There are 4 protein chains.
Amino acid sequence: MELGLIGLGKMGGNMRERIRRAGHTVIGYDRNPDLADVDSLEELVSKLEGPRVVWVMVPAGGPTQETVDQLAELLSPGDVVVDGGNSRWTDDVKHAETLAAKGIGFVDCGVSGGVWGLENGYALMYGGEAEYVAKVQPVFDALKPEGEFGSVHAGKVGAGHFAKMVHNGIEYAMMQAFAEGWELLEAAPEVTDVREVFRSWQEGTVIRSWLLDLAVRALDDDEHLAKLKGWAADSGEGRWTVEAAIDHAVPLPAITASLFARFASRQDDSPQMKMIAALRNQFGGHAVESK
Amino acid sequence: MELGLIGLGKMGGNMRERIRRAGHTVIGYDRNPDLADVDSLEELVSKLEGPRVVWVMVPAGGPTQETVDQLAELLSPGDVVVDGGNSRWTDDVKHAETLAAKGIGFVDCGVSGGVWGLENGYALMYGGEAEYVAKVQPVFDALKPEGEFGSVHAGKVGAGHFAKMVHNGIEYAMMQAFAEGWELLEAAPEVTDVREVFRSWQEGTVIRSWLLDLAVRALDDDEHLAKLKGWAADSGEGRWTVEAAIDHAVPLPAITASLFARFASRQDDSPQMKMIAALRNQFGGHAVESK
Amino acid sequence: MELGLIGLGKMGGNMRERIRRAGHTVIGYDRNPDLADVDSLEELVSKLEGPRVVWVMVPAGGPTQETVDQLAELLSPGDVVVDGGNSRWTDDVKHAETLAAKGIGFVDCGVSGGVWGLENGYALMYGGEAEYVAKVQPVFDALKPEGEFGSVHAGKVGAGHFAKMVHNGIEYAMMQAFAEGWELLEAAPEVTDVREVFRSWQEGTVIRSWLLDLAVRALDDDEHLAKLKGWAADSGEGRWTVEAAIDHAVPLPAITASLFARFASRQDDSPQMKMIAALRNQFGGHAVESK
Amino acid sequence: MELGLIGLGKMGGNMRERIRRAGHTVIGYDRNPDLADVDSLEELVSKLEGPRVVWVMVPAGGPTQETVDQLAELLSPGDVVVDGGNSRWTDDVKHAETLAAKGIGFVDCGVSGGVWGLENGYALMYGGEAEYVAKVQPVFDALKPEGEFGSVHAGKVGAGHFAKMVHNGIEYAMMQAFAEGWELLEAAPEVTDVREVFRSWQEGTVIRSWLLDLAVRALDDDEHLAKLKGWAADSGEGRWTVEAAIDHAVPLPAITASLFARFASRQDDSPQMKMIAALRNQFGGHAVESK
């Protein structure tokens, strides 16, 4: 089939390649002309035969909103737009409504895979009406991993991004689990070879997992991670997971702890711990560390 | 080689079987005569040719202490005792000293594998001096999974149980991660098929893992886990992980949150939340739920 | 001075009384004619001499929005609207803009005091431009406690509700602190009189506080809180505090734990702990509690 | 009455002064001869008329153990030892048994008050048999604050230190509550005067408390705490509170979060966040900060 693909960055570029390898035609557009197959959205739309499928793979928020608004003007009834970016699930309903007003279908799709996706496939979670999903299915099949699993029609509009968001929330807490365990092992004088402990866990244990494999790779590069700073970014999805939990009154202690650990990792000095130090000094005359 | 094995319960019994399948001789003792090969510890010791290796697989704490004390009397210099039970790592040094006073070696070994171990092998983490570990090595090789990984000499006496304990701490937080994500997905009206979302994650995602596979199996049995109560036991290892972290001043927010979630799950009513309700009523005249 | 007061429920009614006791004129409107001094917003506005000050004390969200929209039509340039309800601070900027378009001033005011406010005064935190705050000042002075403290011009529009929101976040964690401590004392067999321990803490300790006094009152009513269920509601402010923290990447582990404890207290059964039970059963053959 | 007091450091010295002001005789011993009234424990014991009351105010652990052991040799049946130090409650039973074997009574006493105790009195929580408590009562009455509250016979041996430990656990979470709230207010651009917000909270609010008063004092010294580092020590009592909670399977999410925040505050770089950074880099090619 034919696909229009908007956004050819690290993710989009590799996805174009994987879809092409599966025998489909991809016409790609990017603001960077060096990456693009066409010069404009108008040209992209004109080169696709209807009914068209256009996949949006641009940053969440403003850029995605803008692209959806432009497509609402350019596309025709019966066409389908897929948002494969990292949009907040609450944006999906708005985008679907904007497009539906013009008779254009909408599917939201959360994509996992990172730098490994081109070769191993991308895990896909999508939401929307079955008739629109069906039109995109060949592309989903091209992108997904080869095995039995790796893609799912998760539910209504928004369900794809919601499921991907929760995936990332789980990922945060799993990473935190390994990180906490690693720090504790490194602190124990009895345990003389933490890296080999991690390596051994790759078979027969309850915690064997791809993240564990990656931890072993990282430790093989740098046994005590001495070259790294304990500094971690967070993306919107971890934050949105906690916000969604608050909306639904679902307690998420481990996932939220993992998010907060990242916030704290980026502070040069902790304002709240200054207040703790100040209070200790006030009531107990405890020594404080001054700058 | 020849092994004496004390404790033939669910774990010990299957381990005897797996070691025998590897061609070794196992003489097993259990307080339950239906399970045992010999009638007493004395008989077990007398039937083994020196230098002997005796593996203790009885409950942690009192029973293990008692068994170690008896073996200190019955064994000879040059023999080796392995504690493969779920002992606290701090007990290992005591046991090693008791035995060393008689010239007997000691190795502690954390064993993971549960009901899957007989067929798939047991993950093993052991600690102690290299010369004692070497004497047990054929048994370790018989018990471990067939692949490249699954066993490790983690360090000094205590390192085996310490590493296994941390494994379980990580396991707690990974389980909590999936549990939190599942609850949030179930709460979201957009997501109409949570089980299929979990199933799809088994390929191409960052969170693919054996625990995820088990979650899918559980959901296949009972899609919404409607037959279960939200009640979870905890074993000593989760608690000890937090205690070890306190000893080493290592923050473990996600693992500790997971332990506390289990504590709370076993309370019919939460005393602390009664106090919250009482305080809200005091200052705000807020309605409380009475029994 | 003269004040228009909209919303005469538990809070608004008592506030009218306290303002009147201070010698001011209050014309109150409520949808419930039994509580109201006038029959309509129109009548309220017509009875006030300009420049008017109108205090809105209705539920946050829709009702407040509606009232602000109506006042934007009814009031005149130079009048001032105060929102004393529990609005989200992000609503304040919108309301200020709506009113500013008509030349009407806006002040947001967080009010703390509950059932004790009529006699002891209400703690007030307000935000907005100094010229509008000045017009409301006599009412603030009437409402606040008699001492030196209890009211503050916290900053720009939104700062009042933001400060009140953070007050409530702190309140959540302080309540949780006492609740956790109480539960632990009740669990300790050594401690035979927990209520007297709490009572004694009211002098000389680091934790003496009004909440402690209230805890003692509650325990005097019901020593072991046996009549209560461990069930606690939460208001918007606790949730918003966590959302604001996420916006600013500020870690709030204790406040968030307190919010989540309330969420969990309202669940008859915990879905996430069902998943934990299911996983334990899958890998370990551990017993589960069935319904 | 007459009291022997061992340990005349910052706490013990002030306590001697306060007891003397109440008209009692105190004979004090300290290893530092500049502080001591007598040259040895032997001399202290010989100068007291029986039945003697001896108050131990030395560091928990080894020093207290040693002192109790010496007193068991020096004192006579009918005498009473009070441990007013920061001992772990589990040590109290051991000490009571050691002394009971010689017919000597034991009372454990948790003391709160810090640098304010000399003038304002010390909050006291004590445990032990009523007959021994009665012998110490005049000293308790001298030390406690003047009001109605401030001292309690909390229960059996160990109950005093247990109650004091829980007091400190609550204190940790209350301090964390104010610290989190302060950091969030400082991060909000709307709120232009955080110190005045804190000051205003001292009346009419739910969170008014001595700790809030101290926070205001600290902010008056240094409005943004710019002179301090976000570094906080922790004493044994916070750690023991969490350990006691684990023993009793009581969830303490807010108190434990507060303890962990202190652990993290003392790390120059966070090992666990290095692992998070390493994992993000492995699966996503995410940038890491290198040293």
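The values are calculated or read from the model by the stated rules, or taken from the named source; none is laboratory data. All values reported here derive from a predicted model rather than from experimental measurement. Cβ coordinates were reconstructed from backbone atoms using ideal geometry, including for glycine residues, and neighbour counts include every protein chain displayed. Please note that ligands, DNA and RNA were not included when accessible areas were found on the heavy atoms of the full protein model with its side chains. Shrake-Rupley method; radii C 1.70, N 1.55, O 1.52, S 1.80 Å.
Annotations
- Summing both sides, the accessible surface hidden between D and C at a 1.4 Å probe radius is close to 5800 Å².
- With a 10 Å cut-off around each Cβ of B:79-88, the average count of Cβ atoms from other chains is 0.
- Most fluctuating residue given options D:Val82, D:Val68, D:Val38, as computed from a GNM of chain D linking Cα atoms under 10 Å: D:Val38
- Relative to the other identical copies, B:Lys10 shows label-point distances of 4.5, 4.9, 5.2 nm, where the label point lies 7 Å from Cα along the Cβ direction and values run shortest first.
- Taking amide H as placed 1.01 Å from N in the peptide plane, C:Gly28 has its amide H under 5 Å from the amide H of C:Leu5, C:Asp37, C:Val38, each at least 5 places away in sequence or on another chain.
- Vicinal HN-Hα couplings computed from phi for the range A:9-20 (Karplus, 6.51 cos²θ - 1.76 cosθ + 1.60; Hz; Gly/Pro x): x, 3, 6, x, x, 5, 5, 3, 4, 5, 5, 5
- Summary for A:Ser235: label point 7 Å along Cα→Cβ; distances to the equivalent points in the other copies, ascending, 3.5, 3.8, 4.7 nm.
- Counting only protein heavy atoms and a 1.4 Å probe, the range B:221-264 has 29 square angstrom of accessible area per residue.
- Of the beta bridges in the range B:2-156, as assigned by DSSP with both residues counted there, near 20 percent are antiparallel.
- For residues of C:109-122, the mean tally of beta carbons on other chains within 10 Å: 3
- Each Lys or Arg adds one and each Asp or Glu takes one away; over the other residues whose Cβ falls under 10 Å from the Cβ of B:Ala96, this sums to -4.
- Percent antiparallel among DSSP beta bridges (both partners in the protein assembly as shown, rounded to 5): 25
- Ordering B:His153, D:His24, D:His167 by accessible surface, largest first, gives B:His153, D:His24, D:His167; the 1.4 Å probe counts only protein heavy atoms, with every chain in place.
- The range A:2-156 - accessible surface per residue (Å², probe 1.4 Å): 41
- Placing unit charges on the Cβ atoms only, positive for Lys and Arg and negative for Asp and Glu, gives chain D a dipole magnitude near 420 debye about its Cα centre.
- Whole-number percent relative contact order across the range C:69-209, with pairs defined as alpha carbons under 8 Å at least 6 apart: 21
- Under 18 Å from the B:Ser40 label point (7 Å along Cα→beta-carbon), backbone N, the range B:70-91: B:70-76
- Taking θ as phi - 60° and the Karplus parameters 6.51, -1.76 and 1.60, the scalar couplings of the range A:81-96 work out to 10, 10, 9, x, x, 8, 5, 5, 4, 5, 6, 4, 4, 4, 5, 4 Hz in sequence order, x denoting glycine and proline.
- For the range C:213-218, Karplus couplings with θ = phi - 60° (6.51, -1.76, 1.60), whole Hz, Gly/Pro x: 4, 5, 4, 4, 4, 5
- The GNM of chain A, with springs linking C-alpha atoms under 10 angstrom apart, assigns the highest mean-square fluctuation among A:Trp231, A:Trp116, A:Trp210 to A:Trp210.
- Rounded if a/c under 1.5, otherwise prolate or oblate - chain D, Cα gyration tensor axes: prolate
- Between B:Ile276, B:Ala245, B:Ala215, the Cα set farthest toward the positive side of the dipole of the range B:164-291 (charges on each charged residue's Cβ, about the Cα centre) is that of B:Ile276.
- Once the Cβ-Cβ distance of D:Glu2 and B:Asp247 is raised to the sixth power relative to R0 = 45 Å, the FRET efficiency obtained is 0.60.
- Residue closest to axis [chain D; rotation mapping onto C; Cβ; Å]: D:Ser209, 2
- Three-way shape label, the protein assembly as shown, alpha-carbon gyration tensor, a/c 1.5: oblate
- Antiparallel %, DSSP beta bridges [both residues in chain A], to 5: 20
- Taking amide H positions as modeled 1.01 Å from N, with prolines and chain starts lacking one, the residues under 5 Å from C:Val107 and 5 or more places away or on another chain are C:Val81, C:Val82, C:Asp83.
- Above-threshold pairs, the threshold being 18 Å between Cα atoms, out of D:Lys102/D:Lys164; D:Lys94/D:Lys156; B:Lys227/C:Lys229; A:Lys94/A:Lys144: D:Lys102/D:Lys164; B:Lys227/C:Lys229; A:Lys94/A:Lys144
- Distant-in-sequence amide H partners of D:Lys156 (H built 1.01 Å from N, under 5 Å): C:Thr192, D:Gly128
- Global geometry of the range A:2-156, whether rounded, prolate or oblate, following the gyration tensor of its Cα atoms and the 1.5 cut on a/c: rounded
- Shown for B:Asp34: label points 7 Å from Cα along the beta-carbon vector, and their distances to the equivalent points in the other copies, 7.2, 7.6, 7.6 nm in ascending order.
- Across B:Gly62, B:Gly85, B:Gly105, mean-square fluctuation computed from a Gaussian network of chain B (C-alpha pairs under 10 Å connected) peaks at B:Gly62.
- Carbon and sulfur %, accessible surface of the protein assembly as shown computed with the full protein complex present, 1.4 Å: 47
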